[in-house]
Amino acid sequence: MNTTNRQKQRQTAIHLLRSGRSPSEVAQQLRHSIGWVYKWQNRYDEAGWSGLADQSRAPKQHGTAYPETVRQAICQARSKLEAKAAAKTGLRYVGSTTVQAELEKEGKAVPSTATIERVLRAAGMVNLAVADDKPKVKYPHLQPTAPHQLCQVDIAPRYLRGGKAVACFNAIDV
């Protein structure tokens, strides 16, 4: 059913109601529910004939948008972390999890990591790699010929949220 046919049915319903028919009679005659008749009667009562037109179904507000103050706090926390990384003081992490921890430490609103990444991308603050001044190290390459001849052991630091370091022990039979 196209828009003009729907509009005509609504107008017919109002004409029938205004001529003294009950909503249940109108619903039965037009083969619609009684709720449909009441809906268009209420719209007619509120806005007249123009109230019978189709209305947009788009949301009137986008309730999930973060306020500008939160967006600024995210960008400011990222800038502070980048400054610390450039000065080589503290950890050199500037990702969304670190920004989240920084906001939590400051007692500000803490959005999700996905939201932080979205805000930083919109502000043009992503892919800002910190210059790494360390020279590349070449390690010798060993040639094992049988199992258990060479085990590669590694103790790597991992950082939990908030910057606490934890040592991870990894061993692989090369």
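General remarks:
- Note on the range 30-157: dipole from Cβ charges, positive end direction compared against Gln152, Val137, Trp36; the farthest Cα belongs to Val137.
- Lysine-lysine proximity count for the range 1-91, Cα under 28 Å, sequence distance 8 or more or distinct chains: 4
- The residues packed around Gln7, meaning those with a beta-carbon under 13 Å from its beta-carbon, carry a net charge of +3 if Lys and Arg are +1 and Asp and Glu are -1.
- For the chain, the C-alpha radius of gyration sits at 2.10 times the compact-globule guess of 2.2 N^0.38 Å, with N the residue count.
- Note on the chain: helix-only mean residue ellipticity at 222 nm, from DSSP H runs of 4+ residues weighted -39500 (n - 2.57) and normalised by residue number, equals -14000 deg cm²/dmol.
- Computed over neighbours whose Cβ is under 11 Å from that of Thr97, the net charge equals -2, Lys and Arg +1, Asp and Glu -1.
- Tilt relative to the chain, helix 68-87 - C-alpha long axis, 0 to 90 degrees, to 10: 10
- Model label points for Tyr38 and Val137, set 7 angstrom from Cα along the Cα-to-Cβ axis, are 7.7 nm apart.
- Shown for the range 27-174: the carbon plus sulfur share of the solvent-accessible area, taken with all protein chains present and a 1.4 angstrom probe, equals 53%.
- Charge context of Arg43, other residues only, Cβ under 13 angstrom, K/R +1, D/E -1: 0
- The length gained by stretching the chain between Gln72 and Ala156 to full extension, at 0.36 nm per residue less their Cα-Cα distance, is 26.8 nm.
- For the peptides 18-28, 45-55, residues were scored by their other Cβ atoms within 10 Å and the scores averaged per peptide; the highest-first order is 18-28, 45-55.
The values are calculated or read from the model by the stated rules, or taken from the named source; none is laboratory data. As the structure is a prediction and not an experimental result, all values here were calculated from the model. All Cβ positions, even for glycine, are placed from backbone atoms using ideal geometry, and neighbour counts span all protein chains on display. Note: accessible area is taken over every heavy atom of the protein model, side chains too, but ligands, DNA and RNA are not part of it. Shrake-Rupley method; radii C 1.70, N 1.55, O 1.52, S 1.80 Å.
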